[in-house]
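J.: Sharing a structure, written as structure tokens. Questions coming.
The values are calculated or read from the model by the stated rules, or taken from the named source; none is laboratory data. Worth saying up front: this structure is predicted, and the values here are computed from it rather than measured. FYI the Cβ positions are ideal-geometry reconstructions off the backbone, even for glycines, and counts take in every protein chain you see.
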Amino acid sequence: MHNLFTGKQVALFVTGCIIITLGYILLAQGPVDNPLSLSWAPFLLVGGYCILIPVAIILKDKERIKTK
């Protein structure tokens, strides 16, 4: 039985989860007008949810495609 995800996919998924966690931590920092919570936190959250996690799910391994 082979793994559903490759090492590269797992690494991207874990990186996405870490980026999302960091985004939420920055979102909770300081007062409402804090530049970290207004600019960096949304950027990290969108990057994690909309880029890294979907890429980790969709990414195909070229060697696995050739063997099928």
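J.: Filter region 1-24 down to residues that are exposed (fewer than 14 other Cβ atoms within 10 Å of the Cβ), more than 14 Å from Val46 (Cα to Cα) and more than 9 Å from the chain's Cα centre (by Cα), then give me how many there are.
T.: Count: 8.
J.: Oh, and also: Just give me the residues in region 35-68 being modelled with pLDDT of 85 or more and of a type in the set (S, T, N, Q), in sequence order.
T.: Selection gives Ser37, Ser39.
J.: A follow-up question, please. In region 31-50, which residues are free of Cβ contacts under 8 Å to residues at least 24 places away in the same chain and surrounded by 12 or more Cβ atoms within 10 Å (Cβ to Cβ)?
T.: Asn34, Leu36, Ser37, Leu38, Trp40, Ala41, Pro42, Phe43, Val46
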